[in-house]
1. Name the residues in segment 44-80 that are assigned to a helix (DSSP H, G or I) and more than 15 Å from the chain's Cα centre (by Cα), would you?
2. Enumerate the pairs (first residue in segment 91-108 and within 18 Å of Arg19 (Cβ to Cβ); second residue anywhere and among the basic types (Lys, Arg)) with beta-carbon separation below 7 Å, excluding pairs fewer than 6 apart on the same chain, so at least 6 apart or on different chains.
3. Kindly evaluate Leu93 against the criterion of being in a helix (DSSP H, G or I), surrounded by 15 or more Cβ atoms within 10 Å (Cβ to Cβ), hydrophobic (A, V, I, L, M, F, W, C) and out of contact with any Asp or Glu (no Cβ under 9 Å at 6 or more places or on another chain).
4. Select from segment 2-19 the residues that are closer than 13 Å to Leu88 by Cβ and loosely packed, with under 15 Cβ neighbours inside 10 Å and list them in ascending order.
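Nothing in this text is a laboratory measurement; each read-out follows from the coordinates by a stated rule. Treat the numbers as computed from the prediction; the structure is a model and nothing was measured. Cβ placement follows ideal geometry from the backbone for every residue including glycine, while neighbour counts extend to all protein chains displayed.
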Amino acid sequence: MKIKIDEDLPKAVAEMVRRQIQDTTTVVREMLSGTLEPDLWKIIQKEERFLITGDKAFANIRRYQPGTHFGVLLLRPEENGIPQLKLLISEVLKSWVLEDLTGCIAVATPGRLRIRRPKTADDSSRILSSGHND
């Protein structure tokens, strides 16, 4: 698995992730700070990287449908600050294998991880079969 840490997260978060997944890089390290969201997204997808971010825009399931990308983890601590972000990423890394979130949009809040997984063929057949006959 390859990870990219967005510029809105501190270096400490990247270091914690890198301890588990060595192929972890950052937007800052690659001198991509200030890159517009659509352009950054294209770069991340071309590199086949999973994004860890604090930017809510990347968790928009209409724009970034699960299954159409390599995955996003949005960190949403209750309070701002490096200690809260470190605690939150630590919680995620202890409780989850990031590879299991590939292709998903996951939103981490203290004590909870909400996961939007790609739709499967079973999902669409259930939707189609739930219609009414007139």
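1. Scanning segment 44-80 gives a single hit, Lys46.
2. Pairs that qualify, where the first residue is within 18 Å of Arg19 (Cβ to Cβ) and the partner is among the basic types (Lys, Arg), are Ala108/Arg76.
3. Judged against the criteria, Leu93 is a match.
4. Of everything in segment 2-19, just one residue is closer than 13 Å to Leu88 by Cβ and loosely packed, with under 15 Cβ neighbours inside 10 Å, namely Ala12.
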